[in-house]
Amino acid sequence: MSYAADLIILIGALFALLGALGVLRFPDVYTRLHAASKAGPLGVGLILVGAGLHSGEPLIVLRVLLGLLFLILVSPIAAHLLARAALRSGVPSSTSTSINEFTSNH
Amino acid sequence: MTDLVLDGAYVLLAVAMLMAVIRVLRGPTLADRILGLDLATTLAVGLIAIFAVTVRQWLYLDIAIALALVGFVASAAFARYLISQRHQ
Amino acid sequence: MNWLRLVGLFVRELILSALRVAWLAVQPRLALRPGIIAYPLSVTSDRQIALLANMVTLTPGTLSIDVSDDRRTLFIHVLDLADREAVIGQIAAGFETQILRTIR
């Protein structure tokens, strides 16, 4: 049980790190949002679940599972809000962006 | 075993946090900084969760979850601010 | 039953997309071809659009940005856009069909 929890924490931390690496390396806001809204929250959610499993108490496990659910349901919404705000306030996408059907429609 | 894993997770999250902070400092746009702050908050949730295991105080898990809730509201508010800024 | 299948699809796509982003982030040279595409919506109600937009964000390499004022078009940012039609076809056949089956 404890080994499984350790493994979940480790996998989660790796996901969080790689998500942060994406945020650091990707070329523009929109691509960075991909990294921040997927790998990051999933990784941290897994850490939360792993930590909860360590307690061995059903109520706490239930709570961290709800926490995971909240994180993965809400992070795309935050990413979408930020992407929309960036697009509407005119933040340019990187020069390698080949197609942009938003600006051609407005 | 668990101690080793926790130490490893601390290091991984600390490096990730550093990357998020670099993104906040570098920008270049306001949206990038908001995104960096959002990621930093999410990572802080993970750090608190690991800390809960280190000290075996499960109340910290509730604090971590609460921080996740607040972090979302903060990002949403920042996004609204970013939109409203355009009209000035 | 349809709800369960929708949740299953959701979880699978989330894990796949996190893996995909993680994989892209560790490439020594970034080979991204980002682009913004206009996706023609066939779902109509607010609830359906919100759910679809949320799921699109969780699909590997796609992030929904905005909905047009007439609610016919969803603007999607694609991380690595090789084939526009393939991306649209995949969303229409996967999530949109499942949502149409589940919610009206």
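Where a number appears in this text, it was derived from the coordinates with a stated rule and is not lab data. Values in this document were obtained by computation on a predicted structure and should not be read as measured data. Glycine also receives a Cβ, built like all others from the backbone with ideal geometry; neighbour counts cover every protein chain displayed.
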Fill in the blank from the handout: Of the candidates B:L35, B:L12, B:L6, B:L43, the one satisfying the condition of being facing another protein chain (nearest Cβ under 9 Å), more than 16 Å from B:A74 (Cα to Cα) and out of contact with any Ser or Thr (no Cβ under 8 Å at 6 or more places or on another chain) is B:L12
Problem - Flag if B:A66 is over 30 Å from A:G90 (Cβ atoms), over 10 Å from the mean Cα position of the chain (by Cα) and assigned to a helix (DSSP H, G or I) - result: yes
Problem - Positions within segment C:1-40 being among the β-branched types (V, I, T), in contact (Cβ under 8 Å) with a residue 40 or more places away in the chain and farther than 20 Å from C:L74 by Cβ, in sequence order - result: C:V21
Fill in the blank from the handout: If you go through A:L62, A:L7, A:L14, A:L53, the only one that is without any contact (Cβ under 8 Å) to a residue 24 or more places away in the chain, surrounded by fewer than 24 Cβ atoms within 10 Å (Cβ to Cβ) and either within 14 Å of chain C (Cβ to nearest Cβ) or part of a helix (DSSP H, G or I) (or both) is A:L62
Practice task
Test A:S37 against the stated conditions and say whether it is among the polar types (S, T, N, Q), touching a residue at least 24 places away in the same chain (Cβ under 8 Å) and either more than 7 Å from chain C (Cβ to nearest Cβ) or crowded, with 24+ Cβ neighbours inside 10 Å (or both).
Solution key: yes
Completion exercise
Among (1) over 16 Å from the mean Cα position of the chain (by Cα); (2) at the interface with chain A (Cβ under 8 Å from one of its Cβ atoms); (3) not aromatic (F, W, Y), B:M19 falls short only on (1)
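So if I check each of B:L25, B:L43, B:L39, which one is surrounded by fewer than 18 Cβ atoms within 10 Å (Cβ to Cβ) and part of a helix (DSSP H, G or I)?
When all the criteria are applied, what remains is B:L25.
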Exercise for the section: Could you tell me whether B:F78 is more than 7 Å from every other protein chain (Cβ to nearest Cβ) and within 18 Å of A:V61 (Cα to Cα)? Expected result: no
Practice task
Check whether at least one residue in segment C:74-84 is surrounded by 13 or more Cβ atoms within 10 Å (Cβ to Cβ), within 13 Å of the chain's Cα centre (by Cα), assigned to a helix (DSSP H, G or I) and not β-branched (V, I, T), and report yes or no.
Solution key: yes
Practice task
Confirm whether C:P28 is exposed (fewer than 14 other Cβ atoms within 10 Å of the Cβ) and closer than 20 Å to A:F26 by Cβ.
Solution key: yes
Fill in the blank from the handout: Among residues of segment B:62-71 being closer than 15 Å to B:T42 by Cβ and surrounded by 13 or more Cβ atoms within 10 Å (Cβ to Cβ), the residue nearest to the other protein chains (Cβ to nearest Cβ) is B:I65
Practice task
Check C:L9, C:L14 and return the single one that is farther than 16 Å from C:T97 by Cα and either surrounded by fewer than 20 Cβ atoms within 10 Å (Cβ to Cβ) or not polar (S, T, N, Q) (or both).
Solution key: C:L14
